[in-house]
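The values are calculated or read from the model by the stated rules, or taken from the named source; none is laboratory data. Note that the structure is predicted; figures quoted are calculated from it, not measured. Using ideal geometry, Cβ is built from the backbone for each residue, glycine included, and neighbour counts are taken over all protein chains shown. Each accessible area value is taken on the protein alone, full model and side chains, heavy atoms only, with ligands, DNA and RNA left out. Shrake-Rupley method; radii C 1.70, N 1.55, O 1.52, S 1.80 Å.
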Amino acid sequence: MAESESSGGVQFFEGVEKLLEIWFTRTDGNTKQCDLRSIPRQKLESLLKIVRCEVISFVRNDQVDAYVLSESSMFVARRRFILKTCGTTTPLQCLKPLMLLVEQYAGFDEVEDVFYSRKNFKRPDLQMSPHQAFEQEVALLDTFFKDGAAYCLGTLNHDCWYLYTLNPAEGDNKKWHRGIPEPDQTLEILMSDLDPEVMSIFMREESSSAAEATQKSGIEKLIPNMMIDDFLFEPCGYSMNGISNKNGCYMTIHVTPEPDFSYVSFESNVPQASYKDMISRVLETFQPGKFVITIFANKVRGCRLLWVQ
Ligand SMILES: C[S@@+](CC[C@H](N)C(=O)[O-])C[C@H]1O[C@@H](n2cnc3c(N)ncnc32)[C@H](O)[C@@H]1O
């Protein structure tokens, strides 16, 4: 366990992730030659050192490069960068070097939109700066973005979900945000207090390989036609990325199965007319005691954010 803390004899791991998604563009609008995937792998690995995690597996297709990390996942597409990291990682510390790499290697010179979100941590006291409090994270983000807005949904003293994003562009009522021009949507389900029998599948004692855990749990059936890259940690813990060639679609699942602090996250940008079936399949697969659902969809789908606790 890379990031753990002994508390009353029980090892602790913070499964809750920090999720950073940034869309890039150019001030002159000429982005044809620009591509985040032009950033050399070695530069990305140096960036991840600052975040305090590393690459453990990688797959790609025409649309997206997908990395399984020691602490969750990273997805790099032409204009979209997603970094989702758990434990005591420090993703906001990589903002400045990331911007420099993007300008130097990818050719973009402007951030079009930013989404930084996370659930409340179980043990905020174990986090490192600036992640000990949302206010600290917002203060850092505000030094990069002049028109950011911070929100907290839920109960401050129990379960809540924090979001930092850019305000809608002024004087343009037709756009709900800056204007990611292609249709885009993200479903996230953050689950706690999971069924111990389901969680045992993600322990080495019960599954001898990641592929076995993927198959036994039913993860392989959640979204069809995905190229799956999965990893089973020692002695327990599971991460997977799935990618498909259709419009840069991805899914990612991470499992912290330890009974005292079990946590699972599911995320996908696969478009759905209704998310009801996908949500039911995920909840049936993992059987959480508690969950938070967020759905983002841009103007093409006509809905901005739905939050369910
Ligand atoms: C697979 S990662 C996934 C965390 C994720 N954010 C989630 O949703 O739970 C964390 C799980 O793997 C286990 N683990 C084992 N070795 C690890 C390592 N070297 N780094 C991170 N986690 C490790 C942790 O104890 C935990 O159960």
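Evaluating Phe115 against the criteria (1) more than 25 Å from Ile295 (Cα to Cα); (2) in contact with a Ser or Thr (Cβ under 7 Å, 6 or more places away or on another chain) leaves one unmet condition, (1).
Residues that are open to solvent by less than 70 Å² (accessible area, probe 1.4 Å) and without any contact (Cβ under 8 Å) to a residue 60 or more places away in the chain, at least 1 per element: which strands (runs of 3 or more DSSP E) completely within the range 197-309 meet that?
Details: elements: 227-232, 238-243, 250-256, 263-268, 288-297, 305-308.
So the answer is 227-232, 238-243, 250-256, 305-308.
So that you can scan it fast, the table gives a plain yes or no per residue for (1) open to solvent by 40 Å² or more (accessible area, probe 1.4 Å); (2) in contact (Cβ under 8 Å) with a residue 40 or more places away in the chain:
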| site | (1), (2) |
| --- | --- |
| Lys32 | yes, no |
| Arg37 | yes, yes |
| Gln42 | yes, no |
| Glu45 | yes, no |
| Tyr67 | no, yes |
| Phe75 | no, yes |
| Ile82 | no, yes |
| Pro91 | no, yes |
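Condition check: more than 15 Å from the ligand (Cβ to nearest atom) and not aliphatic (A, V, I, L, M). Does Asn241 satisfy that? Against the criterion (more than 15 Å from the ligand (Cβ to nearest atom) and not aliphatic (A, V, I, L, M)), Asn241 does not qualify. No other residue among Gln11, Gln42, Gln104, Gln33 is over 20 Å from the mean Cα position of the chain (by Cα) and within 16 Å of the ligand (Cβ to nearest atom) apart from Gln11. Scanning the range 127-169 for residues that are open to solvent by less than 50 Å² (accessible area, probe 1.4 Å), acidic (Asp, Glu) and free of Cβ contacts under 8 Å to residues at least 24 places away in the same chain returns a single hit, Asp147. Just one residue in the set Leu44, Leu36 is modelled with pLDDT of 95 or more, of a type in the set (A, V, I, L, M), closer than 27 Å to Lys119 by Cβ and out of contact with any helix residue (DSSP H, G or I) (no Cβ under 6 Å at 6 or more places or on another chain); that residue is Leu44.
Does Met191 fit the bill of being of a type in the set (A, V, I, L, M), modelled with pLDDT of 95 or more and under 16 Å from Glu284 (Cα atoms)?
Working: of a type in the set (A, V, I, L, M): yes; modelled with pLDDT of 95 or more: yes; under 16 Å from Glu284 (Cα atoms): yes.
Here the answer is yes, as Met191 does meet what is asked.
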